[in-house]
Amino acid sequence: MKKGICVVLAALVMLSAVLCGCGQESKDLVTVRLNEVTHSVFYAPQYVAMELGFFAEEGIAIELTNGGGADKVMTAVVSGQSDIGLAGPEACIYIYNQGKEDYPRIFAQLTKRDGSFLIGRTDEDFSWENLRGKTIIGGRKGGMPEMTLEYVMKQNGVVPHVDAVVDTSVQFNMMAGAFTGGQGDYVALFEPAATEVIEAGQGYLLCSIGEESGEIPYTAYFASQTYLQENSDIVAGFCRALHKAMTWIESHTDEEVAQVMLPQFPDTDLGVLTEVTARHRAIDAWNTGLVMKQASLERLEAVMTEAGELTEAEWVDFDALVDNSWAEAVQ
C-alpha cells in the first residue's frame, strides 16, 4: 500500500510538472547548452530540475550533451560549443594554468564526494589489501575518478602502480563495457552503470569510494568569464532552479525522485533507479547548497598534487577560479 501511494504521489508531481511546462511553452525560453561529464544519477538534482520544469520556470531550456569526460567537457566550453560545463573542478585548474585569458570560472558546486563505487568480480570480504597484484580500471589519467581512487588506495596502504595496476587507458564511458568484457580485476563505476553490472551478475559492489575519500568538490558547474558576464540573469536562474531541485529531493522519497528522473534513464528499471538514488543519498553525495568552500578546493588541489598532476606552485587562488555570488544568492 505504501509503495502504491508513493507511486501515485510521484505521478501527481510529474503531472504537475507537465502542466507547468505547458504553461511555459507560451514564453520565450533561452536555450542553455549544458555539457555534462557523464549521464549519471549522481547528478539527480539537475535531472529533477529539468523534469519538474524548474529550469523552464526560470525561462531556461536545457540542451543537454554528454561530454564523456571532463577534458571533453572543457574543450566544448572553451571552444564555445557549450555554454556551461558540469565536470570535475580539476578541469578548470588545468585550463587556468595554461594561461588562457577567458578561462572558465566555477559558479556552483553540485556534488561533494566521489560518486563512484568499486566493483569486483567476486563477492569477497573486501579489504584494500585485496588489490595488491591486481588491475583496477580507474578512468582517465588526471581525471577526478582516477585521482580519488589512487588517493584512497594510498590512504589504505596500497601504492598505485607499485602494489597494484591502475589502468587509465579506458575511456570513461567505456569502463563498464571493458570490465564486463573481461578487462581488469576491479573497476570504479558511476551509477547507474555500477548497479546494471551488478544486476546482470557480472560484478559485485565492494565499497563506496566517496565514503572512503571524504568530502571533496567533485563536480561543479563552470562557464567562460564572458558568458558569466553577459548572461548573469540566466546563471542566476540556473542556480535557483538547481537549488529548488535540491530542496525538493530532501523532502521526497527515493522512489519519488527515481520516478521523476525515469525519462532521463529510459533503459533503466524504476527499481534500479530507486536503489541507486538511495545509495547516493546514503553517502551524502550532493552538496548542501551550491557554494564551493575554499577549504574544499584546497583539499582537491592537495589530492591533485599527491597524484603528481599539480605542483604547489600551480595551486590556483580561490577567488580567481570561483565566483560564489550566484550560489550565495539562493542559499
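Overview of results
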read-out: Tally of Lys pairs whose C-alpha atoms are under 17 Å apart, taken over the chain, 8 or more apart or cross-chain; value: 5
read-out: Fraction of antiparallel bridges per DSSP, segment 117-213 only, in percent to nearest 5; value: 55 percent
read-out: 15 Å beta-carbon shell around Thr180, net charge (K/R +1, D/E -1); value: -3
read-out: In segment 56-163, trypsin sites (Lys or Arg not before Pro) in a DSSP loop with at most 13 other beta-carbon atoms within 10 Å; value: Lys100, Arg132
read-out: Segment 172-177 - phi-based ³J(HN,Hα) in whole Hz, Karplus 6.51/-1.76/1.60, Gly and Pro as x; value: 3, 7, 10, 5, 5, x
read-out: Amide hydrogen neighbours beyond the local backbone of Val37, cut-off 5 Å, H modeled; value: Gly67, Leu86
read-out: Over segment 117-213, relative contact order from alpha-carbon pairs under 8 Å, at least 6 apart, %; value: 46 percent
read-out: Loop GluC sites (Glu not before Pro), segment 48-136 (other Cβ atoms within 10 Å of the site Cβ: 15 or fewer; DSSP); value: Glu101, Glu124
read-out: Share antiparallel - DSSP beta bridges, the chain, percent rounded to 5; value: 50 percent
read-out: Helix-only [θ]222 nm of the chain, DSSP H runs n ≥ 4, -39500 (n - 2.57) each, per residue, nearest 500; value: -13000 deg cm²/dmol
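Every number here is computed from the coordinates shown, using simple stated rules; none is lab data. Everything numeric in this text was worked out from a predicted model, so none of it was measured. Backbone-built Cβ (ideal geometry, glycine too); neighbour counts: all protein chains shown.
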